[in-house]
1. Starting from the 7 Å offset along Cα-to-Cβ, what nm value, one decimal, do you get for the label separation of Val166 and Arg111?
2. Averaged per residue, what accessible area in Å² does segment 55-112 show with a 1.4 Å probe, protein chains only?
3. So what J values fall out for segment 75-80 if you push phi through Karplus, 6.51 cos²θ - 1.76 cosθ + 1.60 with θ = phi - 60°, rounded to Hz, Gly and Pro as x?
4. In segment 12-74, which GluC sites (Glu not before Pro) fall in coil by DSSP and have 13 or fewer other Cβ atoms within 10 Å?
5. Using only protein heavy atoms and a 1.4 Å probe, report how much of Cys43 is accessible, in Å² to the nearest 10.
6. Work out the charge dipole of the chain with +1 on the Cβ of Lys and Arg and -1 on the Cβ of Asp and Glu about the Cα centre, then indicate which of Cys95, Cys46, Ala144 is farthest towards its positive end.
7. Please give, to one decimal in nm, the separation of the simple spin-label points placed at Asn66 and Lys14, each 7 Å out from Cα toward the Cβ.
8. Suppose only helical runs count, i.e. DSSP H with n ≥ 4. What mean residue ellipticity at 222 nm does that imply for the chain under -39500 (n - 2.57) per run, divided by all residues and rounded to the nearest 500 deg cm²/dmol?
Amino acid sequence: MQIKLWINNKAVIKEAEADLLLIDLLRNNGCYSVKRGCETGNCGLCTVFVDEKPVLSCSTLAARVNGKKVTTLEGLQREAEDFGTYIAEQGAEQCGFCNPGFIMNAIAMFREKQNPSDEEIKEYLAGNLCRCSGYEGQLRGIRAYLEYQQSKAAKAELAAQNISEVI
Ligand code: FES
Ligand code: FES
């Protein structure tokens, strides 16, 4: 069947066999950030956004994304770099194999929750497996990033208030 989708905001029309997986469609289109880990829906490494929601591309048929917008890490460079710096500062990166899925899921969480508790962070990232660590460094990175985002928002609000007082 022929399907049309948007990969990182670029329209793509493809012939897709009924059993083609989304992970293969994306990798065949140059999205090599989408990694193959377990292929059983357990490690989170193959996470992408479909219409802004995180899905496991190893467990999604390409035909299911017909007419939808798919985003991979290649389409989130700025956000990924901003957040990645905080992870690196905590020395959390070891082999780095789990990073793409972890960063995708963390970005999805930042968009949904501005002030998640530690429990919420752990719940949200429970589907990501890291073979090298218990995620303590990554958690410190997430907290540091959230604090930075909150102080940036507070400063922007203060600046807006001062401007409206002057006006
Ligand atoms: S490769 Fe998809 S969840 Fe592991
Ligand atoms: S840093 Fe190696 S699997 Fe997570």
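1. Each label point is offset 7 Å from its Cα along the Cβ direction, giving 3.5 nm.
2. Details: 2650 Å² over 58 residues.
Per residue, segment 55-112 has 46 Å² of solvent-accessible surface.
3. x, 10, 3, 5, 4, 5
4. Numbers: sites: Glu15, Glu17, Glu39, Glu52, Glu74; in loops: Glu17, Glu39, Glu52.
Of the GluC sites (Glu not before Pro), the ones in loops of segment 12-74 whose Cβ has at most 13 other Cβ atoms within 10 Å are Glu17, Glu52.
5. 10
6. Going by the Cα projections, it comes out as Cys46.
7. Taking the two extended label points, one gets 1.5 nm.
8. Details: 5 runs with 72 residues, N = 167.
Calculated mean residue ellipticity at 222 nm is -14000 deg cm²/dmol.
The values are calculated or read from the model by the stated rules, or taken from the named source; none is laboratory data. As the structure is a prediction and not an experimental result, all values here were calculated from the model. A quick note on method: Cβ atoms are made from the backbone with ideal geometry, for glycine too, and the neighbour counts reach across all protein chains shown. Heads up: the accessible areas ignore ligands, DNA and RNA and are worked out on the full protein's heavy atoms, side chains in. Shrake-Rupley method; radii C 1.70, N 1.55, O 1.52, S 1.80 Å.
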